[in-house]
Structure formats: C-alpha cells, structure tokens
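Below: one structure, written as structure tokens.
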Amino acid sequence: MLDRDTIMLEGSTAVVTGAGAGIGRAVAESLAAHGASVAVVDSVPQRSAEVARAIEERGGRALDAPADVREREDVDRLRDRVLAELGAPDILVNNVGHYLSAGRFVDSRHEDWDALYRVNLDHVLTCTHALLPAMIDAGRGGSIVNVTTIEAFRGIPGCAVYSAFKSAITGFTRSLALELGPEGIRVNAVAPETTETEQVQPSRWIPAEHRDREPYWIPAGRFGRPDDIAGSVLFLASKLSAWVTGTTVHVDGGALAAGGFYRVPGGGWTNTPIVTGSGIPG
C-alpha cells in the first residue's frame, strides 16, 4: 500500500548538479520540500548560495556547494564536503548540460566537441564515479537520475555532437542500472522537451505575432516548465518508483509521440509546415 512515507524523503541526502537555476533549482527545491538534505551544486557561487538560502528559509536543509563539475578536482572536493557534512548520498541528480552553440557538423572543430563532451557527458561519469562508492558502502540503496534530452531520441539539425553525447547518457543509464541492481541502487534518466529556463527561453525567442501558435506545436499545448521535470525526478528519487530502473522518462508534453505531427486550428493535425484547410481530422 502506498502512503505518505512512499514519497517523502526524510533522512535522505541528495546531490543535485547545476542546481543554481532552471531545472536544477526546481529539482533541488522539490527534493528539499519532501524532506531530503540537498547539496546545491552550481558553477556560479552566487547562484548555489541563493538556492541553498531559499531552501533553508522554507525550513529545509541545504549545503551550499559551489563546484564546476567539469573539473575533476572540483568534483573530488565536492565529494569530500558532502560526505563530511551530509553523509553518504542516497540520491544523485546529474543535471548539468548545454548545447553551447548550433551549427553544421562539417564546420565544427575538435575543441567544440571537447567542450560539448565535458558539459554533457564527462561530468555525468565523473560525478557518478566519485559518489557511487559511498552510496554502495552505505548499504541503503538509492537513486541516480541523469537529465538527458528529447534530442537523444530524435534528430536535431545543427547539434549532432550534442545529440550524440546526450544519447550516450541513455546507454550509460541502462547499463549502470544493471550493474547496480544488486546494490539496490536504481539508475534512470529524464528527457525533457524545450523547457523555459534561464538557458532556453522560447518565450523570448518566438516573435509576439507567432505566440498564438504555441498551443499547436506540442500536443500538451505548451512548452515545459522546470517544475514539470522536477516532478518526474521526484518520482524517480522516491519509493514510488521502487521497481523502476534502467529507463528514461520522456517529459515532453507528447512531442516524441507526435513524431512530427502538429495540431492546427480546428482540431486537425498536419506533418507539413504549411497546410491548407484543417489538416488530418482530429
């Protein structure tokens, strides 16, 4: 039987990377609101401090843990602080990621690939590798949640290398879940569609004269919000998902299922950019 304790995280410790803004902040605040002590990790010290302070003002427990998870020395220091001040983590959310820039693959450089690797995949391996021994030794099981993107499951022109590294996260997630099953540690991923954050701002990119079309671009009728992703991470971190491991939750408003189909006024659907009439009947 499911009860309040199934979703509450009292007594647990969570580490959330990129927690200073957007999705990461929403995740950190959600986990803290449900009882977890949260290490707020961000490369901008002012942002990690602000989020940690906000959590504590609401009665939660937070560790202000500024760190650049692309740097292994920073990750080692982060691990040592978490273990010393909060104890072994029960939850690790690898949230950091960025497409950095868009452009044709043929025009890209090795330096571009290296930067994309560090911010999208290397830190996932590094943070997990650094914190996993303590999770295993604690013997309490736990949950690792990796934030990927819907672009790992469909093509994204202009971001081929970014998509490749995000796709690698899903393979890492599946395989690590098998390794850690006997330890009681679950490993899953979430794959958001376009979500309004400081990093991605469709509300600013879309000209005002076209904003009335937004409800037709995504089946659920809008772009994502950080709390949408935080809710799925909370599910994967809690006992509600006790038998869920090695999978990816697509937090995308139905975009992947639509597979290129878009709603049009009148209730129909189309898979062409410009249509006459009402498209395919709804």
Practice item. Identify the residue in the stretch 166-190 that is open to solvent by 40 Å² or more (accessible area, probe 1.4 Å) and not small (Gly, Ala, Ser) and, among all such residues, is nearest to PHE105 (Cα to Cα). Key: PHE172
Study note, to complete from the structure: Wholly inside the stretch 118-232, helices (runs of 4 or more DSSP H) that include 1 or more residues that are β-branched (Val, Ile, Thr) are 123-138, 160-180
Study note, to complete from the structure: How many residues of the stretch 61-73 are surrounded by 16 or more Cβ atoms within 10 Å (Cβ to Cβ) and more than 13 Å from LEU131 (Cα to Cα)? The answer is 8
Point to revise | Lone unmet requirement of (1) part of a strand (DSSP E or B); (2) at positive phi; (3) not polar (S, T, N, Q) for GLY59 | key: (1)
Check your understanding: Taking ARG213 and the conditions (1) in contact (Cβ under 8 Å) with a residue 12 or more places away in the chain; (2) open to solvent by 30 Å² or more (accessible area, probe 1.4 Å); (3) over 30 Å from ARG140 (Cβ atoms), which numbered condition does it fall short on, given that it satisfies the others?
Key -> (1)
Point to revise | First in the stretch 159-184 and under 22 Å from GLY139 (Cβ atoms), second anywhere and open to solvent by 40 Å² or more (accessible area, probe 1.4 Å) and of a type in the set (Gly, Ala, Ser), Cβ under 9 Å, 6 or more apart | key: GLU183/GLY139; GLY184/GLY139
Exercise for review: May I ask you to say which residue of SER163, SER175, SER232 is among the hydroxyl-bearing types (Ser, Thr, Tyr) and touching a strand residue (DSSP E or B) at 6+ places or on another chain (Cβ under 6 Å)?
Suggested key: SER232
Point to revise | Residue in the stretch 97-106 that is open to solvent by less than 30 Å² (accessible area, probe 1.4 Å) and either among the charged types (D, E, K, R) or within 30 Å of LYS239 (Cβ to Cβ) (or both) present | key: yes
Practice item. Select from the stretch 74-96 the residues that are of a type in the set (Lys, Arg) and either in a loop (DSSP other than H, G, I, E, B) or open to solvent by 70 Å² or more (accessible area, probe 1.4 Å) (or both) and list them in ascending order. Key: ARG77, ARG81
Point to revise | Subset of the stretch 245-282 that is open to solvent by less than 60 Å² (accessible area, probe 1.4 Å) and in contact with a helix residue (DSSP H, G or I) (Cβ under 7 Å, 6 or more places away or on another chain) - its residue that is modelled with the lowest pLDDT | key: VAL264
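The values are calculated or read from the model by the stated rules, or taken from the named source; none is laboratory data. Because the structure is a prediction, the values reported are computed rather than measured. So basically every Cβ, Gly included, is an ideal-geometry build from the backbone, and we count neighbours across all protein chains shown. With ligands, DNA and RNA removed, areas are computed over all heavy atoms of the protein, side chains included. Shrake-Rupley method; radii C 1.70, N 1.55, O 1.52, S 1.80 Å.
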